[in-house]
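The values are calculated or read from the model by the stated rules, or taken from the named source; none is laboratory data. Bear in mind the structure is a predicted one, so any value in this text is a computation, not a measurement. Virtual Cβ from ideal backbone geometry, glycine too; neighbours counted across all protein chains shown.
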């Protein structure tokens, strides 16, 4: 599908820091290419805000290819937005229509308090893992040859699927 | 004055590492908790080092800029990890892995380091399997292997197209164990902004808490930098958005020489650029080249027709397709090393045969139709169907592809909105990895005593070009099996030192320098965003210090970057304040370092009057367009010494590379 440009209205949660109250702000953004990713669209908004001398919207992101788990937005009330089986950074603007209003919020969870704007603190999840969610084997490398214990292919495949 | 003593041990290549280990000093178990070690970066190299050192009993402080150590960009590595296990019985061995890697590096790496890597590779796989990493297995229950570019054996272990993720989660699991026991203090959302050197030794860092903006002092008996590569100097690369050179660059400014900065790897199979808002480039794993065939149309009118949408790939009959890598390099075909494949794509697109309809018309096909039919027939036969219909073959073949590469195909579809099971992928080279990095000796120590560098951040093992699936191997070898031994040798002298104080003049000065830099950016009355400068730097770098370099372009780049840097300091605008979460401020300090590095990269490329690996000088090529090395004059590592704000003043020292066990040859994959 060939790309085109759309105009959208964004309603985005702004919050100065973890102690501030926060509220939804409205922004209009024109000429967004449908080939852009959602985060590239937010980059475009931020560039506009900076030009106007305002503070850009803070959001977590890193790999922008769906693997690191850093990005975390509620888009139109759904975690990672309207598409299935992806993270926010893999969402593309071709999923939205010209003239649409898009709601963008941080993760809504008491366990993940807001740090600023759309960024939340997920350290509670790491603390759970550190209290026993790990394989407790030493990293000495002095272990048996990797092929000593065959693992049925189906088990290996299932383990991979569970881990991703 | 040069401080380059590589400390390569004497003796036969296969004995160097074991002899060296036998003579390294140790720190007794009961003394280890008197010693503190800082690890900056928690990817494969940093994470495995932190976990191993903590397990051995040292007190470790680890830092990462993300909200959790498991976000490091190692997680995005797709295709696999090499090891000389010879499980496939195709004549692999430690020697062959060693040889392939040195040749793949175009004879510009340290022999001894590479052999050590090959020796430790098998241990890495054993270690990861013991940790529970779900590598792919065959029907016998044994680990599966595939081939990667530049080799003629199958030695790459993989977990679908997400090997980096699984390996990193293994290292992260080991880290969690130690964090839970209090042996690693983990500082998430922290960025190292300077190194503190006391009495000539690395004794700590200055770090910024990215949430509160607080500037913190952290001391240790040794500092390990494992902060990854500097590909983001090009703005568009396959790196994560936050990947940066700052930790490496700051230690460079404090005395750590920076080696071979011009050796950049451009990966041949990435999704082409779609527009000016593009923020990064997405890698399509090299493992796909096991199954995909790369081609462009033979006739230029067909290429134009495809770009303009009048023809599709499947409209081009087989006879009219130019499988140019198979044509030029029969022995390796589509699995030539990355630099060779990238230049091949550039050559065809420069000649007008590109098939992507973007600004630069750069794109070639990566086609799976042959493999789909071949594998479909094999699976049908194995199922007892010796006369399958084309439709059955196609269906079975697509299922086979999905099992092998599923997530990669899904990723491609999400980004481009095209179905790669039905139509070939469009790909083009993109900046991916940096072979250059901080100079280290055989013990992984930089020219600053007590400052070690591991993983992609150092320069040592890949020469002028890295082979696919070797980065994961190097990161884990450094972190699990090299650094823990070599760092003990250094730390043996510190068992009675006691805690390093943070209220010394050196810490005061370093903290002040960091605060001054931050205040400068916050208060600068400019009107251009950091990103706008970063993009402009990226353009200069890609066009003039990219896949094909020449003297004129490099001199222009040096000048243009220096001018851009001046403009940056005059005109950059950073909104917000310093004592809060401020992504623009984070970007500003990183881009400031990229500006200096970019200039050094161009200078390094300019002095290297030859072509080797990822460094291609148009003036030095064979008649067939291959890289032309000058072994007589350039078999050395160019290690640069910082001499102050004017990057033109940097001085290059040479570490001569001696090849005692491998004969230097023309690097041919024909």
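Tabulated values for the structure
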| item | result |
| --- | --- |
| Residue within segment B:502-522 that is within 27 Å of residue B:600 (Cα to Cα) and within 14 Å of chain A (Cβ to nearest Cβ) present | yes |
| Number of the condition not met by residue A:89 [criteria: (1) in a loop (DSSP other than H, G, I, E, B); (2) more than 9 Å from chain B (Cβ to nearest Cβ); (3) touching a residue at least 40 places away in the same chain (Cβ under 8 Å); (4) buried (at least 20 other Cβ atoms within 10 Å of the Cβ)] | (1) |
| Tally, over segment B:613-640, of residues that are in a strand (DSSP E or B) and crowded, with 20+ Cβ neighbours inside 10 Å | 7 |
| Any hit, segment B:81-97, residues being outside the structural domain of residue B:581 (by TED's automatic domain parsing), crowded, with 24+ Cβ neighbours inside 10 Å, touching a helix residue (DSSP H, G or I) at 6+ places or on another chain (Cβ under 6 Å) and assigned to a helix (DSSP H, G or I) | yes |
| Matching helices (runs of 4 or more DSSP H) fully within segment B:377-494 where at least 2 residues are outside the structural domain of residue B:343 (by TED's automatic domain parsing) and surrounded by 24 or more Cβ atoms within 10 Å (Cβ to Cβ) | B:470-476, B:483-491 |
| Among (1) away from chain A (no Cβ under 14 Å); (2) in contact with a strand residue (DSSP E or B) (Cβ under 7 Å, 6 or more places away or on another chain); (3) free of Cβ contacts under 8 Å to residues at least 40 places away in the same chain - the single one residue B:93 does not satisfy | (2) |
| Sole exception among (1) in contact (Cβ under 8 Å) with a residue 24 or more places away in the chain; (2) outside any loop (DSSP other than H, G, I, E, B); (3) closer than 24 Å to residue A:15 by Cα for residue A:58, by number | (2) |
| Residues that are within 12 Å of another protein chain (Cβ to nearest Cβ) and surrounded by fewer than 18 Cβ atoms within 10 Å (Cβ to Cβ), drawn from segment A:57-85 | A:83, A:84, A:85 |
| Verdict on residue B:601 being buried (at least 24 other Cβ atoms within 10 Å of the Cβ) and within 30 Å of residue B:530 (Cβ to Cβ) | yes |
| Subset of segment A:92-102 that is outside any loop (DSSP other than H, G, I, E, B) and within 22 Å of residue A:25 (Cβ to Cβ) - its residue that is nearest to the other protein chains (Cβ to nearest Cβ) | A:93 |
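Residue-wise test of (1) surrounded by 13 or more Cβ atoms within 10 Å (Cβ to Cβ); (2) within 8 Å of another protein chain (Cβ to nearest Cβ); (3) within 20 Å of residue B:274 (Cβ to Cβ).
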residue: A:3; (1), (2), (3): yes, yes, yes
residue: A:26; (1), (2), (3): no, no, no
residue: A:50; (1), (2), (3): yes, yes, no
residue: A:55; (1), (2), (3): yes, yes, no
